[in-house]
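Reviewing the structure listed below.
The values are calculated or read from the model by the stated rules, or taken from the named source; none is laboratory data. Here the structure is a predicted model, which is why all the values come from computation and not from measurement. Positions of Cβ are backbone-derived with ideal geometry, glycine not excepted, and every protein chain shown enters the neighbour counts. Surface accessibility is based on the protein's heavy atoms, side chains included, excluding ligands, DNA and RNA. Shrake-Rupley method; radii C 1.70, N 1.55, O 1.52, S 1.80 Å.
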Amino acid sequence: MSMDDLNNNQNNNPTLPGDQSDSTSSLNIDQTSPQSNPPVQSSDIFNSENNPLNSSPSNSPASPLPDISNQLIPSENLPETKPSESISWDQANDEINQKFGDLPSANSQDIINSEPIEHSNNVPIESVPNIPVQNPNVDILPKLDSQPEDNLLNENSNNYTLPPEENLIKPSISEPIEQPIPDNSEPLRRQMEDNVSLPTSENPDLTNPVNLGFGNFTNSNENTVSNNDSNLPPNSTHERRSLPLSFIFRIFAGLFALIFFVVIIIFIASLFSNHKSSSKVTLTYWGLWEDPNIMAGVISDFERTHPNIIINYEKQDPNQYSARLLTRIENGNGPDIFRFHNSWIPMIQPVLAPLPSSVISPSDFSKNYYPVIVSDLNKNGAIYGIPLDIDILALFTNDKIFQSAGVKVPKTWNDFINAARLLTVKDENGKIQTAGAAFGTYDNITHSPDIMSVLFAQNGVNFNNFSKTSNNGIDALTFYTSFANNSTGVNTNINVWDESLPTSIKYFSAGKVAMYFGYSWDIFTIQALSPTLTFSVNPVPHLPGRDMTIASYWVEGVSNKSKNQKEADEFLAYLAQKDTMQKLYTAESKTRPFGELYPRVDMAGLLKNNNLIYPFIQQASSAVSSYFAGETFDSGINAQMNGYLANAINSVLGNTSSQTAMDTLTKGVSQVLSQYAKNNSSSK
């Protein structure tokens, strides 16, 4: 059954019996490390063949006598020798003088009695040439360095015979300056372990005296190193070379300077960070309905955990609030955080800052909030606010009137028609004494734009494109006005409401209205006007399969002109927490019967035990939003939309056709939406 059918039902049934309700009919409605050298074995080092100190004396320290060891003719190359002939001492002396020249005289006894010669660096005695003599009392030494080496051979002899060693004249050699020989075994071991290259004869270390003729530590096998430390001179290259103290000092000084510089940088950065974090940021927060003492608790809790942020809450006058808000934000002196109505999105979006995921992620938002909130505030993947409440249009019924008449609370619109007419009481002049329902007019019905929005939504009207679904709108407009239009039927006494009656909320509070459409905050007004009135809250009537209702709620947003958006986002993230909403609800409940209804799906169970407010929450999952919203005190989009709607209702009540009224309404809605769409495009 469509609303057109409902309208026909009203016209053809001036008096509705209880069994004529058709609840089975339906409508067609649309909603839209490098390698080391091989280690040297100690057995190799101490082997006489491998020890460089036992090798050829060519690398031994220089002797006062010339080295002739390499100038002796090998025995195999010598001519055959004849038996040695004895000669006298004088003959030998003459021969020596002839061959070597005059030699300085010396006392043979002194030579014989001289102290044993100490040889530096273990120079072998075999390296001193033997001088053939027969008389031990010789007092002249040959000048060995003045004659050619070939003269050592006897020209008259084919063989050169050396005398016994005990007949040798041992030349006097100056005693060398004895130097302490350090124990270099440990440095050498460490040096070899560290793979330190030792100097060789090809690449000597000229800074070390060992390479200036005092010995060579590399034999024919360059990889074999002597470890006979007792024969090494001081400052051997086997010692680990230590870095100069000045170089070490410079290294440590540089490291100290670097560490000091880093510490200073960190210290300065820390001071800057502490100064920045310790500087206070004040956020201006505009609210509408809650007094500062209600918000003080949650604000102080936030400031305690965020000591650098101060929240300055200001309760605003709702009159002309939206215009004042937009003007102040555009001028740069508006609030950082402000409250706005869910129907203001087209009007307020140019000054809204999208919330980062640090406040709430899109997935969490969709999971935790009701669908209508997600649809309203999630635009192109960006979230534009956090609601602290939700409210849903519901049906209030007077318990006494219903009980007295024995009428059940209606669930469908057919049931609603029957109950409204049955419960309406008129005097003899046709004046309504008790209204069956506050329904049908605009000016004296509280939330009339919201009630019409329920009818539009259930009958498939597209709020963003009225022209596409104008016929659906016509049926909804006709159905609504029929409850107050006496000219709709043969019996002119079928209306249940008229324009002469007081405002619907006052009349219901007085006990004179059986059914009233309102929001949860209306309960405070009704109880204040009539504390003894008993009433119930129920879901709104619906068409078959079309149980939508209207959601009206307020949202906390952040201004995109705020200089402290990061801090403002932190506050909104705090407000979005379940604990914060519970604290706020508790604070509100201390001054009135209940707090604002939770906008989160996961908090619905907390209100289940309250029979007055849980029916609102029961309908939240099927609620939608509308630009036709009352009691927002708006001078912008709501005022414009509601103005066109009021004209349409009043014109129909004034005998203008619903078709004509709907055409005018459709043009007005398109014009308003185009205006804000253009404003949104120019602001981007």
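For the stretch 377-423, give me the residue count where each residue is assigned to a loop (DSSP other than H, G, I, E, B) and out of contact with any Asp or Glu (no Cβ under 7 Å at 6 or more places or on another chain).
Of the residues in the stretch 377-423, 11 are assigned to a loop (DSSP other than H, G, I, E, B) and out of contact with any Asp or Glu (no Cβ under 7 Å at 6 or more places or on another chain).
Criterion applied to Ala648, Ala623, Ala639 was being buried (at least 19 other Cβ atoms within 10 Å of the Cβ), of a type in the set (A, V, I, L, M, F, W, C) and under 30 Å from Val351 (Cα atoms), and the one residue passing it is Ala623. Of all residues in the stretch 429-447, none satisfies being within 30 Å of Pro356 (Cβ to Cβ), open to solvent by 10 Å² or more (accessible area, probe 1.4 Å), among the acidic types (Asp, Glu) and assigned to a loop (DSSP other than H, G, I, E, B). A residue that is touching a His at 6+ places or on another chain (Cβ under 8 Å) and polar (S, T, N, Q) occurs somewhere in the stretch 409-420. Can you pull out the residues in the stretch 494-512 that are at pLDDT 95 or above and polar (S, T, N, Q)? Residues satisfying the conditions are Thr503, Ser504, Ser509.
Here's the yes/no breakdown for (1) on the phi < 0 side of the Ramachandran plot; (2) surrounded by 20 or more Cβ atoms within 10 Å (Cβ to Cβ); (3) not in a strand (DSSP E or B):
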position	(1), (2), (3)
Ile311	yes, yes, no
Pro318	yes, no, yes
Arg324	yes, no, yes
Arg328	yes, no, yes
Gly334	yes, no, yes
Ile348	yes, yes, yes
Ser358	yes, no, yes
Asp364	yes, no, yes
Ser375	yes, no, yes
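For Tyr574, only one of the following conditions fails: (1) surrounded by 17 or more Cβ atoms within 10 Å (Cβ to Cβ); (2) at pLDDT below 95. What is its number? All conditions are met except number (2). Taking the stretch 593-608 as the range and being basic (Lys, Arg) and surrounded by 14 or more Cβ atoms within 10 Å (Cβ to Cβ) as the test, only Arg600 passes. Of the residues making up the stretch 410-423, those that are open to solvent by 30 Å² or more (accessible area, probe 1.4 Å) and under 15 Å from Phe439 (Cβ atoms) are Asp415, Arg421, Leu422.
So, Phe416, is that one under 58 Å from the mean Cα position of the chain (by Cα) and under 29 Å from Ala677 (Cα atoms) or not?
On the way: under 58 Å from the mean Cα position of the chain (by Cα): yes; under 29 Å from Ala677 (Cα atoms): no.
No; evaluated as a whole, the condition is false for this residue.
Is it the case, given these coordinates, that Pro387 is open to solvent by less than 10 Å² (accessible area, probe 1.4 Å) and over 30 Å from Val359 (Cβ atoms)? No, not satisfied. In the stretch 529-548 there is no residue matching the filter, namely being under 16 Å from Gly630 (Cβ atoms), open to solvent by less than 20 Å² (accessible area, probe 1.4 Å) and not in a loop (DSSP other than H, G, I, E, B).
Tallying residues that are at pLDDT below 70 and either open to solvent by less than 80 Å² (accessible area, probe 1.4 Å) or not in a helix (DSSP H, G or I) (or both) within the stretch 245-278 yields 4. Considering only residues of the stretch 430-455 that are of a type in the set (Ser, Thr, Tyr) and in contact with a strand residue (DSSP E or B) (Cβ under 7 Å, 6 or more places away or on another chain), which is farthest from Pro502 (Cα to Cα)? The residue in question is Ser453.
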